[in-house]
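Working notes for the structure below.
The values are calculated or read from the model by the stated rules, or taken from the named source; none is laboratory data. Please read all numbers here as calculations on a predicted model, not as lab measurements. Methodologically, a virtual Cβ is constructed for each residue, glycine included, from the backbone with ideal geometry; neighbour enumeration extends over all protein chains shown.
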Amino acid sequence: MYLYNSATHKKELFQTHTKDHVEMYTCGPTVYHFAHIGNLRSYIMEDVLEKALRWRGYDVNRVMNITDVGHLSSDADTGEDKMLKGAKREHKTVLEIAQFYTDAFFSDCDKLNIKRPDVVQPATGLIDEFIRVISSLIDKGYAYVAGGNVYFDTSKLERYYIFNDHDEEDLAVGVREGVEEDENKRNKNDFVLWFTKSKFEDQALKWDSPWGVGYPGWHIECSCISMKYNGDYLDLHCGGVDNAFPHHTNEIAQSEAYLGHPWCPHWFHVHHLNTNAGKMSKSKGEFLTVSLLEEKGYDPLVYRLFCLQSHYRNGLVFSWENLDNAKAAYDKLISRIAALDGGDGEVDWETLNAYADKFAAALDNDLNTSMAVTCVYDALKAKTNGATKRAILGTFDQVLGLDLLKKADEKRAQQAKQTASAVQGGYTITGEGDPAIDALVMQRYEAKKAKNYAEADRIRDELKAQGIELTDTKDGAAWRRV
Ligand code: AMP
Ligand code: ZN
């Protein structure tokens with residue numbers, strides 16, 4: 001599989017430390033608010049990547065952290081603790097906030113068919129391990145104590161910048177964030193491993209440490225969680241593109257200083273979902289969630305398809321119009337699959353393998369998901385029987401996660417329920433046999449016969465409000481719940 005590697009700025013043949021096995025790490029959510037659909041774009045694409053690797057025969061161990069402490073409102077070490085901000089906003093404790101939004105995150109993931117990682121580790125559950133690694137960094141001369149905090153000394157590294165195409169000045173934390181420099185830092189990009197003297201005296205969660213009561217910095221948690229559950233050699237690290245600097249840069253600095261050897265050769269960054277108003281951001285407080293999509297009547301898998309239709313390395317612009325297009329495409333796709341005659345016939349394995357090869361080629365080409373979706377349409381047009389087409393789609397869906405066969409089967413079942421339910425005076429009503437709905441449809445017919453079109457329209461609107469779609473047929477009318 002060829003994947004773009006943001007550490008080398010090239011598309012490369014993906015290679016692993018151990019044959020056929022991938023140690024994969026994903027930066028998890030900061031659980032002070034709901035995940036927005038931008039965050040979930042990253043998790044959808046990382047999920048597809050994991051599934052593509054499994055589909056290509058790798059055994060994958062995927063690890064994810066849950067940030068429930070230490071992430072300040074700036075990704076550099078300034079600003080308020082995000083968790084504390086959430087707790088204050090909702091008059092709850094930090095732990096209550098963390099539990100609530102962790103559950104909400106995984107519920108969103110379930111709705112979007114995002115598989116749960118093999119290991120999920122909240123940062124607050126591994127504080128002793130962070131303290132052990134920080135102590136070792138101090139012993140090795142990579143970290144120092146100043147003003148009560150422990151800092152990583154970036155001047156000790158041969159190479160600090162890994163991902164940026166900018167020069168150092170551009171990325172200098174003080175300049176970039178427009179905030180006061182921390183006087184304790186020896187070098188402008190040094191970062192905090194352990195806080196005891198943050199600007200906020202009322203930090204809710206604190207632990208004892210050799211450097212005083214305090215809490216860990218954000219970056220150290222990912223290094224430690226990965227090294228604990230992925231081992232000393234990570235194959236693939238994922239996150240949204242905003243994580244590249246300073247977060248991932250600092251993760252590499254800490255891990256390699258601690259391990260004494262290169263840590264992770266391959267970095268996968270998902271570009272942002274934006275609206276016309278700019279980047280979607282949790283900290284601004286106004287953002288789109290999966291629940292909002294559902295409230296507006298969208299199946300969350302429509303959003304998954306929307307994401308798959310574009311490449312993870314391109315920015316993606318969200319608009320309701322774009323989502324409507326994805327909805328129309330999804331509905332049509334499911335209808336076409338539902339119409340397949342899948343019951344009889346033998347699967348033609350040769351045809352299936354030929355289509356699977358094309359699908360694999362799309363995935364192997366830097367996870368070209370829009371091409372992979374095109375393979376679905378190609379399979380529907382294949383000159384083969386319904387059973388083979390269904391088998392091909394079932395295989396593809398192990399990666400795409402669009403519930404193609406399940407939704408198509410549900411649609412068929414719904415259609416099968418539609419039987420002629422009422423015939424009056426030669427007017428046949430086809431539906432699910434609900435007398436109340438049939439009565440309204442009949443009233444509309446009577447109104448039309450009496451040329452009372454306003455009343456007929458009113459009844460159609462009433463049916464629509466009840467979620468009923470009505471279609472006039474040759475002999476009467478057909479209705480279904482939508
Ligand atoms: P957070 O919960 O803020 O730590 O972010 C969770 C994940 O979402 C991280 O991998 C971020 O890089 C990613 N992310 C944040 N904003 C966006 C966005 N607008 N589009 C795509 N991914 C994002
Ligand atoms: Zn991380």
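Is it the case that residue 348 is at pLDDT 95 or above and at positive phi?
No, not satisfied.
Among residues belonging to segment 1-38 that are under 17 Å from residue 269 (Cα atoms) and within 13 Å of ligand 1 (Cβ to nearest atom), point out the one that is surrounded by the fewest Cβ atoms within 10 Å (Cβ to Cβ).
6
Being more than 25 Å from residue 346 (Cβ to Cβ) and modelled with pLDDT of 85 or more narrows it down to one residue among 482, 373; which is it?
Exactly one of 482, 373 is more than 25 Å from residue 346 (Cβ to Cβ) and modelled with pLDDT of 85 or more, namely 373.
Between a residue in segment 446-462 that is exposed (fewer than 14 other Cβ atoms within 10 Å of the Cβ) and any residue that is not in a loop (DSSP other than H, G, I, E, B) and not acidic (Asp, Glu), which pairs come within a Cβ distance under 8 Å, given they are 6 or more apart or on different chains?
Pairs that qualify, where the first residue is exposed (fewer than 14 other Cβ atoms within 10 Å of the Cβ) and the partner is not in a loop (DSSP other than H, G, I, E, B) and not acidic (Asp, Glu), are 453/447; 462/440.
Go through 218, 267 for me and flag whichever is within 20 Å of the chain's Cα centre (by Cα) and within 14 Å of ligand 1 (Cβ to nearest atom).
267
If I ask for residues that are within 21 Å of the chain's Cα centre (by Cα) and within 10 Å of ligand 2 (Cβ to nearest atom), which ones from segment 241-260 would you list?
243, 247, 248
Among the listed residues 130, 106, identify the single one that is of a type in the set (A, V, I, L, M, F, W, C) and surrounded by fewer than 18 Cβ atoms within 10 Å (Cβ to Cβ).
The match here is 106.
Going by the conditions given, is residue 65 away from ligand 1 (no atom under 16 Å from the Cβ), modelled with pLDDT of 95 or more and polar (S, T, N, Q)?
no
For residue 114, indicate whether it is within 32 Å of the chain's Cα centre (by Cα), among the β-branched types (Val, Ile, Thr), at pLDDT 95 or above and more than 24 Å from residue 94 (Cβ to Cβ).
Yes.
What number of residues within segment 230-240 are surrounded by 20 or more Cβ atoms within 10 Å (Cβ to Cβ) and away from ligand 2 (no atom under 13 Å from the Cβ)?
2
Could you list, in sequence order, all residues of segment 270-323 that are near ligand 1 (Cβ under 10 Å from one of its atoms) and not in a loop (DSSP other than H, G, I, E, B)?
270, 273, 274, 275, 278, 279, 307, 316
Considering only segment 225-238, I want to know if a residue exists there that is within 16 Å of ligand 1 (Cβ to nearest atom), charged (D, E, K, R) and either under 28 Å from the mean Cα position of the chain (by Cα) or modelled with pLDDT of 95 or more (or both).
no
Kindly provide the set of residues from segment 1-33 that are among the hydrophobic types (A, V, I, L, M, F, W, C) and more than 19 Å from residue 43 (Cβ to Cβ), ordered by number.
Correct list: 1, 7, 13, 14.
Tell me which residues, restricted to segment 261-278, are in contact (Cβ under 8 Å) with a residue 60 or more places away in the chain and either hydrophobic (A, V, I, L, M, F, W, C) or under 18 Å from residue 220 (Cα atoms) (or both).
264, 267, 268, 270, 273 - these are the residues of segment 261-278 that are in contact (Cβ under 8 Å) with a residue 60 or more places away in the chain and either hydrophobic (A, V, I, L, M, F, W, C) or under 18 Å from residue 220 (Cα atoms) (or both).
Examine segment 281-298 for a residue that is within 16 Å of ligand 2 (Cβ to nearest atom) and under 29 Å from residue 89 (Cβ atoms), and state whether such a residue exists.
yes
Residues that are of a type in the set (Phe, Trp, Tyr): list the helices (runs of 4 or more DSSP H) wholly contained in segment 33-112 that include at least 3 such residues.
Qualifying helices (runs of 4 or more DSSP H): 94-111.
Could you tell me which of the residues 393, 367, 352, 380 is touching a residue at least 12 places away in the same chain (Cβ under 8 Å) and within 25 Å of residue 313 (Cβ to Cβ)?
Among 393, 367, 352, 380, only 367 is touching a residue at least 12 places away in the same chain (Cβ under 8 Å) and within 25 Å of residue 313 (Cβ to Cβ).
How about segment 276-325: which of its residues are among the β-branched types (Val, Ile, Thr) and surrounded by fewer than 15 Cβ atoms within 10 Å (Cβ to Cβ)?
317
Since residue 251 meets every condition but one in (1) of a type outside the set (A, V, I, L, M); (2) closer than 28 Å to residue 144 by Cβ; (3) out of contact with any helix residue (DSSP H, G or I) (no Cβ under 7 Å at 6 or more places or on another chain), which condition does it not meet?
Just one mismatch for residue 251, condition (3).
Filtering segment 39-51 down to residues that are more than 11 Å from residue 401 (Cβ to Cβ) and not charged (D, E, K, R), which residue is farthest from ligand 1 (Cβ to nearest atom)?
49
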